[in-house]
Amino acid sequence: MTVLHRLVASCAVLVIALSATIGSGKAAPITKPALLPLLIGTWSCTYTGPKGKQTSSVTFTQLDDAWIQGIGKNGAYGNDPANSSVDLIGYDAKKQRYVDMSGNTQSHDSYGISHAVASVNALTMTWVGDFPADPSNGKTLYHFTSTKITSHTTWTEKGKAMSGDGVCTKS
């Protein structure tokens, strides 16, 4: 049997296996995380850190049961100019973790992926950066309610412990 024939045969087996799985009608139920619907709407935020104060706003919309999207406008902070941002936040029920993929229009530090290990009903959780690698060991503790989000971020910069605090209120 040639390599091409083996490849075609392997693909056929895969298609049959997938068809049997999909055709069984036993799709796993989607676990609906408590945090995602709570975030839907527009939030006004203030962050205070080593570079001063920053104001921002973000509007979250539901994409499906497991994902939301946030579109934000962020004010200047220190030497960083005002910018726009986008976040996709989802929940992986199998791994019991939230994941956030975000980016903004700054020329540096303009994207990232982070996660928080938390139960589907958690409203307090610590987020850690996954990508790009975070040599500062940054962590953010969030507490969410239906009208307020508070955050406390810690990291190390040039060997010195740093921190910042944020608060968002729902409009």
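The values are calculated or read from the model by the stated rules, or taken from the named source; none is laboratory data. Predicted model, so just to flag it, every value in this text is computed and none were measured. Using ideal geometry, Cβ is built from the backbone for each residue, glycine included, and neighbour counts are taken over all protein chains shown.
The table below lists the values:
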item: Single condition residue 99 does not satisfy, out of (1) of a type outside the set (Ser, Thr, Tyr); (2) assigned to a strand (DSSP E or B); (3) in contact with a Ser or Thr (Cβ under 6 Å, 6 or more places away or on another chain); result: (3)
item: Test: residue 69 is in a strand (DSSP E or B) and either more than 15 Å from the chain's Cα centre (by Cα) or surrounded by fewer than 16 Cβ atoms within 10 Å (Cβ to Cβ) (or both); result: yes
item: Some residue of region 102-112 being more than 14 Å from the chain's Cα centre (by Cα) and of a type in the set (Val, Ile, Thr); result: yes
item: Residue match in region 85-92 (condition: more than 24 Å from residue 55 (Cα to Cα), touching a strand residue (DSSP E or B) at 6+ places or on another chain (Cβ under 9 Å) and surrounded by fewer than 16 Cβ atoms within 10 Å (Cβ to Cβ)); result: yes
item: Qualifying residue in region 93-104 (condition: closer than 20 Å to residue 51 by Cβ and surrounded by 14 or more Cβ atoms within 10 Å (Cβ to Cβ)); result: yes
item: Residue in region 127-141 that is surrounded by 14 or more Cβ atoms within 10 Å (Cβ to Cβ), of a type in the set (Val, Ile, Thr) and closer than 20 Å to residue 50 by Cα present; result: yes
item: Some residue of region 38-61 being over 24 Å from residue 163 (Cα atoms), at pLDDT 95 or above and touching a helix residue (DSSP H, G or I) at 6+ places or on another chain (Cβ under 6 Å); result: yes
item: Only listed residue being assigned to a loop (DSSP other than H, G, I, E, B) and hydroxyl-bearing (Ser, Thr, Tyr), chosen from 84, 136, 114; result: 136
item: Test: residue in region 164-171 that is in a loop (DSSP other than H, G, I, E, B), touching a residue at least 24 places away in the same chain (Cβ under 8 Å) and under 17 Å from residue 44 (Cα atoms); result: yes
